[in-house]
Amino acid sequence: MSSYHIKHLEEYFQVYRKSITDPESFWEEIAEEHFLWRKRWDKVLEWDFSKPDIKWFQGAKLNISENCLDRHLRTKGEKTAIIFEPNDPEEEARHITYNELHDRVCRFGNVLKKQGIERGDRVCIYMPMIPDLAVALLACARIGAVHSVVFAGFSAIALATRINDSDCKMVITSDGSYRGAKTLDLKAIVDDSLEDCPGVKTVLVAKRTHNEVSMKEGRDFWLQPLLDDANQSCSMEIMDAEDPLFILYTSGSTGMPKGMVHTSGGYMVYTAYTFKNIFQYCDEDVYWCTADIGWITGHSYILYGPLANGATTLMFEGVPNYPDYGRFWKIVEKHKVNQFYTAPTVIRSLAKQNLDYIEKYDLSSLKVLGSVGEPINEEAWHWYNDNIGKKKSPIVDTWWQTETGGIMISPIPFTTPTKPTYATLPLPGIQPVLLDKEGDEITGNQVNGNLCIKFPWPSIARTIWGNHERFRDTYFSAFKNQYFTGDGAFRDEVGYYRIIGRVDDVIIVSGHNMGTAPIEDAINEHPAVVESAIVGFPHDIKGNALYGFVILKETGESRVHDNVRKEINQIITEHIGPIAKLDKIQFTSGLPKTRSGKIMRRILRKIANHEMDDMGDTSTLLNPEVVQEIIDNVK
Ligand code: WT7
């Protein structure tokens, strides 16, 4: 029996049992057999959720870029590591071999060193989906710098907040980015944000769109000439397993985003292990995850997980509807994609289009389909299964989070029987529990509860950058000795999990985690606004859309209101980015509040969802009369 590559259901159950009864020897065996360590660990696991303090493979030394690159060179040097498919279908795709990628990462590592980046320094990466982005992450990893990738759809203000929070010394960006028919001037956004970031000493700029940019003398450098000049051998830093590998921000219940810190040893083992099993990757396969590297999905399952397995991973620069809605399927045919991993919001928007867009293309290479980011509704699941998988490619509905680093609950294809809308069973090493409000475990099947994980796994985030207390309060204090996910889940009669959705103030919009607080903070910056509250409501493509209830200083005419609506979305775009714009804005004279002054979102959520018949208990409200006013004004 191989624990590393599970192929049958009985094997899964055996492996799972072993991973629970003796997690340490389970992970030790996998770590030993499938990775390259410069020094072995002294201890597999040490943990205490009350602090929380979690350490995997303590004492071990490694470099993750060596595991993703160097160790494959002897056997797979000429294998394609990355297929780059550009935004413009007329532009030629690029196949980058492991040798070439290694060479480029080494040069880039030397460029970073020459610019003064040292082990432990933070480097912010704000780039389009081009090969230099992947190279930048791996180069940081190689020299022991901590990368902090900020999705290139975030605004200048959001970027500056993230740069400053982790004291980044350098920003790596590009002149611009292509998104379908549009181009975005990334460098100009970086320039704006750096007005407020005194700690940034250097900006490296990759050329992509060739638009004119301003280059600040002594601070900004074009990347390519530096790479051309750089030495092609770059010694790597030997890192401790628990040294931070990267920071990735996710939004939370206050305006300040949370910089989740992932470390290198456990993260590598877990992402590689889950990649292998969940996508059943075989050596000649072409694997494609459509996410952006700016999100955790891209970190773990475009880059580190696939490369640690010596896979061929496809990076797509563009969008699903450019030049038309057939683009994804054209790419699948062109590169004979075997595993395809995308988000429900994308599936729903493609399902609205004519089937001609699919039928034109040969999708017979597909073996496994994946879904991530939010619950996949039954209709979208069937559409995906029937039209893309032709009922022969299993769908892996993968549940996980930025904080978990890797996939936690998911079918293993050809092994776990799938069931629409169910993420099914926990992966080896993952011990989910459902808890009631009091924190008591709800045992048995066909039950609902707060989804928690009661034992650590190797890729769990270790802290929030600069704020360990917030890490403890957010994830480890709601329920004693448990990691609380913030999600509610249902366990069916055979023990399959179905994720129901967030039970906190986070709203998942198009698969993106949106904290309500940062959006409300942005809205409240509008001079006419007194207060605001955001809730989610169902949207047929985005899954959820945002509904804002806003109190204005003065009530005015509707024409003025329309302007304020526009301005509010403008402010949100400036502070966060267009992904956080509101679909509906309702002005109101008050917001339902408890006696302690907390907004009762439960009520607003019901109103936004048009569930006005039963408002539940409103007796604890300070201002119950406002509820009727809000209901009366719903459009
Ligand atoms: C939240 C995490 C994991 C990478 C992308 C999102 C929701 C994620 C699923 C799924 C139902 C899902 C959860 C989770 N979520 N995958 N397969 N089924 N819900 O990462 O931005 O950290 O968001 O996304 O609510 O808590 P994220």
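Would you mind getting me the FRET efficiency between E567 and E469? Use the beta-carbon distance for r and R0 = 41 Å, nearest 0.05.
Values: r = 36 Å, r/R0 = 0.88.
About 0.70, to the nearest 0.05.
Where does each of V200, V135, V150, V503 land when they are ranked from fewest to most other beta-carbon atoms within 10 angstrom?
V503, V200, V135, V150
Using 1/(1 + (r/R0)^6) with R0 = 60 angstrom and r between the beta carbons of K330 and E438, what's the FRET efficiency to the nearest 0.05?
For R0 = 60 Å, the calculated efficiency reads 0.65.
Quick one: if you stick a label point 7 Å off each Cα along the C-beta vector at M215 and S477, how many nm between them?
It is 4.9 nm.
So between D613 and Q115, what do we pick up on full extension, going 0.36 nm a residue minus the alpha carbon distance?
173.0 nm
Between K391 and V494, what is the label-point separation in nm under the 7 Å Cα-to-beta-carbon projection?
Going from the V494 label point to the K391 one covers 1.9 nm.
Check each of the GluC sites (Glu not before Pro) in region 64-129 and keep only those in coil by DSSP with at most 10 other C-beta atoms within 10 angstrom; list them in order.
Of the GluC sites (Glu not before Pro), the ones in loops of region 64-129 whose Cβ has at most 10 other Cβ atoms within 10 Å are E78, E90, E92.
For H34, H468, what's the fewest-to-most ordering of other Cβ within 10 Å of each Cβ?
Details: H34 18, H468 15.
The fewest-first ordering by Cβ neighbours comes to H468, H34.
Once you keep just the Cα pairs under 8 angstrom separated by 6 or more residues, what percentage relative contact order results for the chain?
The value is 12 percent.
For D362 and N99, compute 0.36 nm times the residue count separating them, minus their Cα-Cα distance, and round to one decimal in nm. Intermediate results must be reported in sequence, preceding the final value.
Numbers: separation 263, 0.36 × 263 = 94.68 nm, distance 3.09 nm.
Here the segment from D362 to N99 would lengthen by 91.6 nm.
In region 409-501, which chymotrypsin sites (Phe, Trp or Tyr not before Pro) fall in coil by DSSP and have 15 or fewer other Cβ atoms within 10 Å?
Counting only loop positions with at most 15 other Cβ atoms within 10 Å, the chymotrypsin sites (Phe, Trp or Tyr not before Pro) in region 409-501 are F414.
Alpha carbon centre of region 71-127 versus region 547-584: separation in Å?
Each part's Cα centre sits 42 Å from the other's.
Which GluC sites (Glu not before Pro) in region 260-356 pass both tests, a DSSP loop state and at most 15 other beta-carbon atoms within 10 Å?
In loop regions of region 260-356 (DSSP not H, G, I, E or B), the sparsely surrounded GluC sites (Glu not before Pro) are E284.
Under 5 Å between amide H atoms, partner at least 5 residues away or on a different chain: which partners does A81 have, H built in plane at 1.01 Å?
I96, T97, Y98
Please give the FRET efficiency for D42 paired with F13, using the beta carbon to beta carbon distance and R0 = 25 Å, rounded to the nearest 0.05.
After rounding to 0.05, the efficiency reads 0.20.
So, in region 319-399, how many Lys pairs have Cα atoms under 21 Å apart, if the pair is 8 or more places apart or on different chains?
Going through region 319-399 pair by pair, I get 24.
Report the paramagnetic label zone for K182: residues of region 199-221 whose backbone N is under 20 Å from a point 7 Å from Cα along the Cα-to-Cβ axis.
Those under the cut-off are 208-213.
Determine which lysines satisfy two conditions relative to K43: a Cα distance under 30 Å, and not lying fewer than 8 residues away in the same chain.
The qualifying lysines are K7, K18, K51, K55, K61, K258, K276, K454, K480.
Let me make sure I get this right: for region 510-632, a, b and c are the square roots of the gyration tensor eigenvalues over alpha carbons, sorted descending. Under 1.5 in a/c it's rounded, otherwise prolate if a/b > b/c, else oblate. Which is it? Don't skip to the end; give the middle numbers.
Numbers: a/c = 1.65, a/b = 1.23, b/c = 1.34.
Oblate, because a/c is 1.5 or more while a/b does not exceed b/c.
What is the packing order of peptides 600-613, 525-538, taking the mean over residues of other C-beta atoms within 10 Å and listing the highest first?
Packing order, densest peptide first, comes out as 525-538, 600-613.
Check the cysteines of the chain one by one and keep only those with no other cysteine Cβ under 4.7 Å from their own.
So far as the 4.7 Å Cβ criterion goes, C68, C140, C197, C282, C289, C452 stand without a partner in the chain.
Any read-out appearing in this document is the output of simple, stated calculations on the displayed coordinates, not a laboratory observation. All values derive from a computational prediction rather than experimental measurement. Here the Cβ is made from the backbone with ideal geometry for all residues, glycine too, and neighbour counts use every protein chain on show.
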